[in-house]
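**Student:** There's a structure below that I have some questions on.
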Amino acid sequence: MRVNKVIIPVAGLGTRLLPATKAIPKEMLPIFSKPIIQYIVEEIALSGFKEVIFVTHSSKYSIENHFDKSFELEATLEKRVKRSKLREIKAISKLDLNISSIRQGEALGLGHAVLIAKKLIGNEPFGVVLPDMILSDSLENKKRIFFKKMKNNFEVNNHSSILLARAPKNKITSYGVAKLKKIIKSEGIKYGDIEKIFEKPSLKKAPSNLFAVGRYIFKNNFFKYLESINPDTNQEIQLTDAIHEYILSENKVVGYIYEDEYYDCGEWTDYLKANLALSFSNKEIKKDILKFLKDL
Ligand code: UTP
């Protein structure tokens, strides 16, 4: 079955990046020349999906505006003959994607945000993408995008799947951490069925260092489990808890292992690393910055 729709939950408060995110959504903070969310939406379009659903909050209207056509700006750039900028601006609203949004009134957790989008998904399978996790595979070589592979595989085998990456020891306790039954290697990809997954486990309880890196594809029956999950001690409905229940009820979830670079732009260190890494695509900037860092 084809999977066309992707939910991007952007209704969180972004407290780790305060005060920068007091009035600006974290998804709109720039990484080099583009806001974070543009990298994410471009990856989804390049992966072949047809529709993006933002689960959003009243304070985050600038995200939707960013993907809208901007007549005034385009007219001004045209008049001033700024052709390359005009091309770039036009390309944003011309992405081959239908973009819609729905509000999450209260930030009751990532799982709750995904559930809010249910009425726009209908009976179809769907993807979920976290808006602050930039994966380098989508930047370097469009043919290697892992999310595209996940989509293609789903359309052949109809199995829900999650992308996993390795977390350093000091960050394991911040993520949803999974254990695979057995790791298989085929055509350069490592993967396996997920046996269990825990949200923010203690180091002692973490079943591995493989964490959910923000790319998911679910069969539609996953909603049933999301609906039945109780809130955690912070009163949030966790996506990870629903995945755990889903697996316990004999639903297969494949964990693919992503081994390239990732940037968790919801926290400062990775946000700054992403800025450096992506700005280095410009040779002049790279030369200047490397010199600057050497002299620091
Ligand atoms: P995070 O845990 O990163 O939360 O949520 P956050 O609010 O964005 O950031 P911090 O932790 O306060 O710094 C993971 C994703 O789920 C979305 C967030 O927007 C983020 O993309 N989310 C979270 C929602 O859409 N609604 C929620 O109720 C919670």
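The values are calculated or read from the model by the stated rules, or taken from the named source; none is laboratory data. Remember, it's a predicted structure, so these values are computed and weren't measured experimentally. Cβ coordinates were reconstructed from backbone atoms using ideal geometry, including for glycine residues, and neighbour counts include every protein chain displayed. Remember, those area values only see protein heavy atoms, side chains included, never the ligands or the DNA or RNA. Shrake-Rupley method; radii C 1.70, N 1.55, O 1.52, S 1.80 Å.
**Student:** Anyone know which of 106, 42, 199 comes out most mobile in the 10 Å Cα GNM of the chain?
**Tutor:** Between 106, 42, 199, it is 106 that shows the largest mean-square fluctuation.
**Student:** Between segment 178-195 and segment 1-72, what is the separation of their alpha carbon centroids in Å?
**Tutor:** Spelled out, the Cα-based centre of one part sits 30 Å from the other.
**Student:** By how many degrees, 0 to 90 and rounded to 10, does the Cα axis of helix 239-248 deviate from the longest principal axis of the chain?
**Tutor:** 30
**Student:** Arrange the residues 121, 99, 24 by how much accessible surface each exposes, largest first, with a 1.4 angstrom probe.
**Tutor:** 24, 99, 121
**Student:** What accessible area, in Å² to the nearest ten, does a 1.4 Å probe give for residue 28?
**Tutor:** About 40 Å², rounded to the nearest 10.
**Student:** Summarise the accessible area of segment 96-242 (1.4 Å probe, protein heavy atoms) by the percent that is carbon and sulfur.
**Tutor:** Of the solvent-accessible surface of segment 96-242, carbon and sulfur hold 47 percent.
**Student:** Hey, another quick one. Relative to the Cα centre, what is the charge dipole magnitude of the chain, using +1 at the beta carbon of each Lys and Arg, -1 at the beta carbon of each Asp and Glu, and rounding to the nearest 20 debye?
**Tutor:** The calculated dipole for the chain is roughly 720 debye.
**Student:** Given the DSSP H assignment, sum -39500 (n - 2.57) over each helix run of at least 4 residues in the chain and divide by its residue total; what's the result at 222 nm in deg cm²/dmol, nearest 500?
**Tutor:** So the calculated ellipticity at 222 nm is -10000 deg cm²/dmol.
**Student:** Right, next: Calculate the dipole size of segment 189-296 relative to its Cα centre from +1 charges on Lys and Arg beta carbons and -1 charges on Asp and Glu beta carbons; express the result in debye to the nearest 20.
**Tutor:** Computed charge dipole of segment 189-296: roughly 380 debye.
**Student:** For the chain, modelled as a Gaussian network with Cα springs under 10 Å, which listed residue fluctuates most, 249, 136, 160?
**Tutor:** Residue with maximal mean-square fluctuation among 249, 136, 160: 249.
**Student:** Considering amide H positions built from the backbone, and no H for Pro or chain starts, which residues 5 or more places from residue 160, or on another chain, come under 5 Å of its amide H?
**Tutor:** 219, 254
**Student:** Additional query: Place the peptides 218-227, 185-194 in order of packing, highest mean first, counting for every residue the other Cβ atoms within 10 Å and averaging per peptide.
**Tutor:** Highest to lowest by the protection proxy: 218-227, 185-194.
**Student:** Still on this model: Report the one residue of 198, 184, 104 whose Cα lies farthest in the direction of the positive end of the charge dipole of the chain (charges on C-beta: Lys and Arg +1, Asp and Glu -1; origin at the Cα centre).
**Tutor:** Comparing the listed Cα positions along the dipole, 184 ranks first.
**Student:** Turning to a different aspect of this structure: Averaged per residue, what accessible area in Å² does the chain show with a 1.4 Å probe, protein chains only?
**Tutor:** 52
**Student:** Still on this structure, I have one more. In sequence order, what are the phi-derived ³J(HN,Hα) couplings for segment 185-195 according to the Karplus relation 6.51 cos²θ - 1.76 cosθ + 1.60 with θ = phi - 60°, rounded to whole Hz, with x for glycine and proline?
**Tutor:** Result, rounded to whole Hz: 10, 8, 6, x, 10, 9, 7, x, 6, 7, 8.
**Student:** Quick one: which residues, 5+ away or cross-chain, put their amide H under 5 Å from the amide H of residue 52? H built at 1.01 Å from N.
**Tutor:** Result for residue 52 returns 6, 98, 99, 100.
**Student:** Give me the dipole magnitude in Debye, nearest 20, for segment 74-218 about the Cα centre, with unit charges on the beta carbon: positive for Lys and Arg, negative for Asp and Glu.
**Tutor:** With Lys and Arg at +1 and Asp and Glu at -1, about 480 debye.
**Student:** Here is a further query. With a 1.4 Å probe and all protein chains kept in place, how much accessible area does residue 95 have, in Å² rounded to the nearest 10?
**Tutor:** 40
**Student:** Hey, if you put +1 on the Cβ of every Lys and Arg and -1 on every Asp and Glu Cβ in segment 86-233, which of 228, 139, 115 ends up farthest toward the positive end of that dipole?
**Tutor:** Of the candidates, 139 comes out farthest on the positive side.
**Student:** Alpha carbon centre of segment 130-172 versus segment 80-94: separation in Å?
**Tutor:** Cα centres, segment 130-172 to segment 80-94: 29 Å.
**Student:** Continuing with this model, one more query. Using a 1.4 Å probe and ignoring any ligands, DNA or RNA, find the accessible area of residue 15 and quote it in Å² to the nearest 10.
**Tutor:** Accessible area of residue 15: about 90 Å².
**Student:** Whole-Hz Karplus ³J(HN,Hα) for segment 263-276, in order, using 6.51 cos²θ - 1.76 cosθ + 1.60 and θ = phi - 60°, x for Gly and Pro?
**Tutor:** 10, 8, 6, x, 9, 4, 4, 5, 4, 5, 4, 4, 4, 5
**Student:** Answer with one residue from 91, 126, 174: the one whose Cα lies farthest towards the positive end of the charge dipole of segment 79-174, charges on Cβ with Lys, Arg +1 and Asp, Glu -1.
**Tutor:** With unit charges placed on the Cβ atoms, the residue in question is 91.
**Student:** A further question follows. Of 164, 73, 139, which is the most mobile in a GNM of the chain whose springs link Cα atoms less than 10 angstrom apart?
**Tutor:** 73
**Student:** At residue 65 and residue 228, where each label point lies 7 Å from the Cα along Cα→Cβ, what is the point-to-point distance in nanometres?
**Tutor:** With each label point 7 Å from Cα toward Cβ, the separation is 4.4 nm.
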